[in-house]
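*Asks:* Attaching a single structure in structure tokens format; questions to follow.
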Amino acid sequence: MELTQLAMFLKVVDEKGFSRAAHKVMRTQPAISMAIRRLESELGAKLLDRTLKEGSLTDAGKLVYEYAQKIDRLCQEMMNSLSELQEKHTGKLTIGANENGVLYLATYLRLYRQRYPGVKVEVRRAPSRHIPLDVMENELDLGVIGYRSSDPNLGTLPLYTDVIALIVYPDHRLAKISEVAIKDLSVETFIAHNITSPYRQMVIDAFRSAGVAINIGMEMPTIETIKQMIKAKMGISFLPQITVREELANRELVAVKVRDFRVAREILLTFPIKRDLSNAARAFLELVKETMPTSHPRVLKS
């Protein structure tokens, strides 16, 4: 049984005749009659009572007509949904990011939702080191990472450049100092993130280059916990500046300039280059390309 046969059957019934149905679908009347006969043969039942006026339904015809209408509506819904999907009005977008990744996505997600409100967006929390593989295995459409993957099958676009800042509480001895040297930090107790990351290694390397041992007195599982520990005057920390933006603005925390210490991370959006992307994912990439300059990443303003 073919959908075209059901469509012709519906048209014959709706137009109350073979000739009018043939005119509507621009087919010959014999072609319409043959399609109905084939449909009846495949279903094993007469659908039209030809002893009465054209288009009169048998009991079997009435049953098939009801189902044919449902099928026709579903086909129309499918075509409409497909059209909306192709125009990026619907669908789903799944992006992988670690604890801080959502902060880097915020501006883009706001613009994306304004442009494509019908697309469901899911940001799935994942360790940064797992994201490239998850993207390659189609577990994620896109991913946010703070390093360049060595996988040649992955492409990247810059999202943000984040500075690593020394963060202290407001009445800390360093809060009123315009600049401090790394060697002057040897007496401080640092609170570190207990997850290995490129920025943590950058800080350790900077201390090593300066010939200073960094005293990590505590390690915490989240950036939020580290911020609370600093506010409780239990130590200080080097943190991505975006993660303390509100606290710095409210003077709950203070950023201190460290002489000869300039650590910045390029935050990247990674995507597969040898697999077809969904329309929703392709639209997000297009938005990022439109928003970011082609050569140098920049810090976004919220």
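*Asks:* How far apart, in nm, are two points set 7 Å out from the Cα along the Cα-to-Cβ line at ASP171 and at VAL102?
*Replies:* 3.3
*Asks:* First measure r as the distance between the Cβ atoms of GLU266 and LYS183, then evaluate 1/(1 + (r/R0)^6) with R0 = 22 Å and state the FRET efficiency to the nearest 0.05.
*Replies:* Calculated transfer efficiency: 0.20.
*Asks:* Compute the length gained on full extension between GLU290 and LYS46: take 0.36 nm times their separation in residues and subtract their Cα-Cα distance, giving the result in nm to one decimal.
*Replies:* Full-extension gain reported as 81.8 nm.
*Asks:* Now for a different question. At 0.36 nm per residue, and after removing the present C-alpha to C-alpha distance, how many nm does the segment from GLN69 to ASN194 gain when stretched out fully?
*Replies:* 38.9 nm
*Asks:* Still on this structure, please answer the following. Which whole-number value in Å³ per residue fits the convex hull of the alpha carbons of the chain?
*Replies:* Cα convex hull per residue, to the nearest whole number: 192 Å³.
*Asks:* So what J values fall out for the range 149-155 if you push phi through Karplus, 6.51 cos²θ - 1.76 cosθ + 1.60 with θ = phi - 60°, rounded to Hz, Gly and Pro as x?
*Replies:* My calculation for the range 149-155 gives 5, 7, 6, x, 8, 10, x Hz in order.
*Asks:* Given H placed 1.01 Å from N in the peptide plane, which residues other than close sequence neighbours of GLU219 have an amide H under 5 Å from its amide H?
*Replies:* Those lying under 5 Å, H to H, from GLU219 are ALA192.
*Asks:* Next up: Cut-off 10 angstrom, C-alpha nodes, Gaussian network model of the chain. Which of GLU252, GLU266, GLU42 fluctuates the most?
*Replies:* GLU42
*Asks:* How big is the gap, in Å, between the Cα center of the range 150-201 and the Cα center of the range 266-283?
*Replies:* A separation of 29 Å, based on Cα centres.
*Asks:* Sequence gap at least 6, Cα distance under 8 Å: using those rules, report the relative contact order of the range 162-264 to the nearest whole percent.
*Replies:* For the range 162-264, the relative contact order is 51 percent.
*Asks:* Going down the list LYS227/LYS289; LYS92/LYS289; LYS176/LYS233, which pairs span over 24 Å between their C-alpha atoms?
*Replies:* Result: LYS227/LYS289 exceed 24 Å.
*Asks:* A further question on this structure: May I ask you to derive the FRET efficiency for GLU122 and GLU224 from their Cβ-Cβ distance with R0 = 25 Å, giving the value to the nearest 0.05?
*Replies:* For GLU122 and GLU224, the calculated efficiency is 0.70.
*Asks:* Per-residue HN-Hα couplings for the range 136-145, Karplus 6.51 cos²θ - 1.76 cosθ + 1.60 at θ = phi - 60°, whole Hz, x for Gly and Pro?
*Replies:* 5, 8, 6, 6, 10, 6, 9, x, 10, 9
*Asks:* Run the numbers for MET1 and GLN76: contour at 0.36 nm per residue of separation, minus the present Cα-Cα distance, in nm.
*Replies:* Extra length available between MET1 and GLN76 comes to 25.1 nm.
*Asks:* What residues have an amide H closer than 5 Å to that of ILE267, excluding those fewer than 5 places away on the same chain, when H is modeled at 1.01 Å from N in the peptide plane?
*Replies:* LEU159, TYR160, THR161, ASP162
*Asks:* Also, I was wondering about something else. Can you tell me the relative contact order of the chain? Whole percent, Cα pairs under 8 Å, sequence separation 6 or more.
*Replies:* For the chain, the relative contact order is 21 percent.
*Asks:* Taking every pair of Cα atoms in the range 146-274, average 1/r, invert it to obtain the Kirkwood radius, and report Rg/Rh to two decimals.
*Replies:* Taking Rh as the inverse mean 1/r over Cα pairs, Rg/Rh reads 1.01.
*Asks:* Here is a further query. How far apart, in nm, are two points set 7 Å out from the Cα along the Cα-to-Cβ line at ASN250 and at VAL212?
*Replies:* So the label points at ASN250 and VAL212 sit 3.0 nm apart.
*Asks:* Give me the percent relative contact order of the range 3-86, please, defined on Cα pairs under 8 angstrom at least 6 residues apart.
*Replies:* 28
*Asks:* Provide the FRET efficiency to the nearest 0.05 for the ASN153-ARG129 pair, computing r from the beta carbons and using R0 = 25 Å.
*Replies:* Computed FRET efficiency for ASN153 and ARG129 comes out at 0.90.
*Asks:* Another question, if that's okay. Taking amide hydrogens as modeled 1.01 Å from N in the peptide plane, which residues meet the under 5 Å criterion relative to ALA126, leaving out close sequence neighbours?
*Replies:* For ALA126, the qualifying residues are ALA97, ASN98.
Where a number appears in this text, it was derived from the coordinates with a stated rule and is not lab data. Please read all numbers here as calculations on a predicted model, not as lab measurements. Note: ideal-geometry Cβ built from the backbone for every residue, glycine included; neighbour counts use all protein chains shown.
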